Each structure stands twice: as structure tokens, then as C-alpha cells.
Amino acid sequence: MKFAVSEITFSPPLPAPMTYNQWAQINQNLAGCQATRNVQWLYSLVSVQGDRSICVYQVPYTDALREAYREARAPFQRIWAATDPWVATDLNSFAQDATLIVAETNYDPPITRTMVAEIKHQAKGCLNELNIQSAFSLLTLDGSHSACTFVASSAEQVRSLYRKVGLPFERVWKATLIQPIATDLPSAISS
């Protein structure tokens, strides 16, 4: 099973907060192009300001997602191959349109799986102290970028976590989770 992520910025911003029906309408041309390439949309994180999104897909190969976006003439900033998503909380346990906090980080030099495990271990106490719950994380195959999602009361709370652990971040933003309705996610995602 392979995963790919699209990152999109919107100018002007989309209506906020975003709902499933609005998101489906915005992406209706893209959905058909994805289906012909066996690309399955898993979920999207749309900023509460409506200015950015991260969308996660199960793909046969990463370029299938790029091809779908190009055929639909849908804009994107970048599309990247991701490792198997690390999921601490079953995505199906979140309500449609749940509010989460996303922290994006670029790594130079790239981060390794061993380093990720060390960071998770180090962050455990800080998560409890700050009353933050880790939800799920995505990492590029080459270890150069991650998008980690948390249940927290504010973006500043997650920034504090990253500072305490000594981890850099590019941006931390509040997002609305949008996922397929009445569709079970693949077992690799929900376990």
C-alpha cells in the first residue's frame, strides 16, 4: 500500500470553516480523475482560515495523484510520497469537521525512523504535561518533511510542545478534518 499527500494553498481563501459538502463540491472534478487512476482519497485537513490544505491518498504510485490533479486542472503546491502514516488515534473516532492542529516541519538533514522514535519517546511526557494528544503523522519517504496532527486546544499549545522537545517547525495551524462519509479507511490507516 502506498500513500501520497497533496499540499495546496488557496488565494483567495476558501469559505471557512469548511464542511464536507463544500469540500466535495470543490473537488468534484478531481474525484473522477482520481477514480480512473485507482487513487483513493483518505482524508483532508483544511485550515480554519481556508488558506491551505493537506490531503492524504492511497495510490498505486505517486505520479497517479499528480496526473489526476493535472487532468482535473486542480492546483497544488506539491505532491509527495509518504511513509505509512503513523496513527495514534483511529481516524473514524473523529467527528466529521473535527478541529485539529497540524505542525509541519522540514528537516535538513533528513530525519530517520530511529530519530522519529526517539522524538516520540522524548515528547511523551510533554504531551501529557501540555494536555495534547497525538493523532496521526505523515513523513516523506526521504525524511525531509513531516506533517503531524494533534488534538489540542490551540496552535500555540503545539508550538510550545515543539519548543520543549527542541523540534523545529515551519508552521503550525488549526485545521478541519474532512473524510469520506460512510467509507471505512484501509486497515493500515485505522490500526
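So how far apart, in nm, are the two label points at S93 and T112 if each is 7 Å from Cα heading toward Cβ?
3.2 nm
With N denoting the number of residues in region 9-84, provide Rg(C-alpha) divided by 2.2 N^0.38 Å, to two decimal places. List each step's numbers first, then the result.
Working: Rg = 12.2 Å, N = 76, 2.2 N^0.38 = 11.4 Å.
Taking N as the residue count of region 9-84, the ratio is 1.07.
Obtain the nm distance between the two label points defined at L141 and R163 by a simple spin-label model: each point lies 7 Å from its Cα along the Cα-to-C-beta direction.
3.7 nm
Once the mean 1/r over all distinct Cα pairs of region 91-174 is inverted, what Kirkwood radius in angstroms do you read off?
Over region 91-174, the inverse of the mean reciprocal pair distance is 13.1 Å.
Taking just the C-alpha trace of the chain, give me its Rg and Dmax in Å.
16.0, 47
Would you list, by chain and number, the lysines whose Cα falls below 22 Å from the Cα of K120, excluding same-chain residues fewer than 8 positions away?
K164, K174
Over region 91-174, what is the mean sequence separation of C-alpha contacts under 8 Å (at least six apart), divided by residue count, expressed as relative contact order in percent? Write down the numbers at each step before the final one.
Numbers: 123 pairs, mean separation 36.6, N = 84.
44 percent.
Here, each number is a calculation from the coordinates, and none is a lab measurement. Quantities reported herein were computed from a predicted structural model and do not represent experimental measurements. Backbone-built Cβ (ideal geometry, glycine too); neighbour counts: all protein chains shown.
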